[in-house]
Amino acid sequence: MADTVTGTAPAARDAVPEFPMPRQSRCPFDPPPELKELQEEGPLTRVRLWDGSEPWLVTRYAEQRAILGDPRVSADTDTPGYPTKASPEAGEGKLSFIMMDDPEHARLRRMVTAPFAVKKIEAMRPAVQRIVDGLIDDMLARSGPVDLVDVFALPIPSLVICELLGVPYEEHEFFQENTKTMVRTTATPEERGAASREVAGYLAGLLGKRLAEPKDDLLSSIAARITAGELTHQQATEMALLLLIAGHETTANMIALGTLALLQHPDQLALLRESDDPKFVAGAVEELLRYLHITHLGRRRAVTEDIEIGGQVIKAGEGVIMVNEIGNRDPEVFADPDRLDLTRDARRHVAFGFGNHQCLGQPLARMELQVVYGTLYKRIPTLRLACALEDVKFKHDAFIYGVHELPVAW
């Protein structure tokens, strides 16, 4: 959400707009107005990156899905034309299989698919409910305002992914602080690299222990792949790092940002608080995912063969960027898209991507959010923001959008 483009009125634009620029929306939950202008003009627009390259920015829902589902489009950062990150300070590097193409992407992904199957995730729901209830009990035992991020939003997914992976939760401050550095856009490549090496080294050590003494956890399953010769120790470490980061950072931001959005829309919060229908809660989660897409830089790809999308030929060697926050606000798909409406059917959103690279952990994220959104506001019906909205510090300086802190009281 921190990414946008500089824009002028359509008739005045005679140069390729730049991408990205700081977020300039009046509403902290809305995409930048420049993205809306570009979406109205057409589905594809050339934009200029910091390095002078000019990939295609894809702003409409149908074209985003078409590109994400096309086998002629590569997620590999080494593919010619792949759009580099937002600035020279952002750094590059691959996060295991999510930045690979088939067949290697599919081979590695299959190794960790089973624990995220819907039935297995549903079996975890009672345990997640206990975690959520326990953290709410701890909140209610306090007298003054609390930071919802620190006492609730971050601990929930951290506890869950630690249990799933087999990472001791006692180490949460270590990996959370390093993860913050890894996703902070203002961190230098050296700082980001050092943080990544710290966590990777820690996980490599845990994998070594699981090689010697397997347990009933995902790290042990990954370690078994090393023993079988299917993974190198480095590949296994990269896979564990991806799962640990993705397993807590994104969901934590969604919990806090979603709560803030609901507090700013009391009519919608009342619907959620008063409903005992699990289907309504599940639908509310989908609408919040559509309304609050939390990734900044878009899903980036490189085209390997000429393809025609939206009446435009994108040539081999050219890059494309799908900014899903504006794709989820496409009026051709979602009526009155800038309105938060928990009663709408938002299941078609692209918050988790589309095609063979769509988010592996989406069943877990959905379940966690359903438990949180279906519990917190019922148990604390007077929950309120304990500061002015303009005093909330949003994560314009991170790859994952959210809030640094969320002071709440009741």
Filter result for the condition that a residue is closer than 29 Å to Cys27 by Cα and among the polar types (S, T, N, Q), over Thr251, Thr227, Thr232: Thr251
Hits in region 133-156 (condition: open to solvent by less than 20 Å² (accessible area, probe 1.4 Å) and in contact with a Gly (Cβ under 9 Å, 6 or more places away or on another chain)): Ala153
Just give me the residues in region 111-144 being of a type outside the set (D, E, K, R) and either touching a Cys at 6+ places or on another chain (Cβ under 8 Å) or within 30 Å of Leu231 (Cα to Cα) (or both), in sequence order. Met111, Val112, Thr113, Ala114, Pro115, Phe116, Ala117, Val118, Ile121, Ala123, Met124
Quick one: what pairs do we get from region 263-291, first residue closer than 16 Å to Arg379 by Cα and touching a residue at least 60 places away in the same chain (Cβ under 8 Å), second in a loop (DSSP other than H, G, I, E, B) and small (Gly, Ala, Ser), C-beta under 7 Å, 6+ apart or different chains? Val281/Ser275
Does Glu318 satisfy the condition of being in contact with a strand residue (DSSP E or B) (Cβ under 7 Å, 6 or more places away or on another chain), charged (D, E, K, R) and modelled with pLDDT of 95 or more? yes
Flag if Thr232 is in contact with a Leu (Cβ under 8 Å, 6 or more places away or on another chain) and among the polar types (S, T, N, Q): no
If you scan region 14-64, which residues turn out to be out of contact with any strand residue (DSSP E or B) (no Cβ under 9 Å at 6 or more places or on another chain), part of a loop (DSSP other than H, G, I, E, B), at pLDDT 85 or above and not charged (D, E, K, R)? Phe29, Pro31, Pro32, Gly52
Kindly evaluate Tyr377 against the criterion of being closer than 27 Å to Asp137 by Cβ, open to solvent by less than 20 Å² (accessible area, probe 1.4 Å), aromatic (Phe, Trp, Tyr) and in contact (Cβ under 8 Å) with a residue 12 or more places away in the chain. yes
Residues of region 311-338 being charged (D, E, K, R) and in contact (Cβ under 8 Å) with a residue 24 or more places away in the chain, in sequence order, are Glu318, Glu325, Arg329, Asp330, Glu332, Asp338
When Glu92 is evaluated against the numbered criteria (1) within 18 Å of the chain's Cα centre (by Cα); (2) modelled with pLDDT of 90 or more, which criterion, by number, is the only one it fails? (2)
Every residue from region 45-86 that is among the basic types (Lys, Arg) and within 23 Å of Val333 (Cβ to Cβ): Arg60, Arg65
Reported set for region 248-293 where residues are aromatic (Phe, Trp, Tyr) and surrounded by 20 or more Cβ atoms within 10 Å (Cβ to Cβ) is Tyr291
Considering every residue within region 349-369, establish whether at least one is touching a residue at least 12 places away in the same chain (Cβ under 8 Å), over 18 Å from the mean Cα position of the chain (by Cα) and surrounded by fewer than 18 Cβ atoms within 10 Å (Cβ to Cβ). no
Select, from Asp336, Asp345, Asp341, Asp391, the only residue that is open to solvent by 10 Å² or more (accessible area, probe 1.4 Å) and at positive phi. Asp336
Considering residues of region 261-297 that are in a loop (DSSP other than H, G, I, E, B) and closer than 24 Å to Ile67 by Cα only, the residue modelled with the highest pLDDT: Leu292
Only listed residue being closer than 15 Å to His172 by Cα, among the hydrophobic types (A, V, I, L, M, F, W, C) and open to solvent by less than 10 Å² (accessible area, probe 1.4 Å), chosen from Leu206, Leu244: Leu244
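The values are calculated or read from the model by the stated rules, or taken from the named source; none is laboratory data. None of the values given here were measured: they were computed from a predicted structure. With ideal geometry, Cβ positions are generated from the backbone for all residues, glycine too; neighbour counts draw on all protein chains shown. Areas reflect the complete protein model, heavy atoms only, side chains present, ligands, DNA and RNA absent. Shrake-Rupley method; radii C 1.70, N 1.55, O 1.52, S 1.80 Å.
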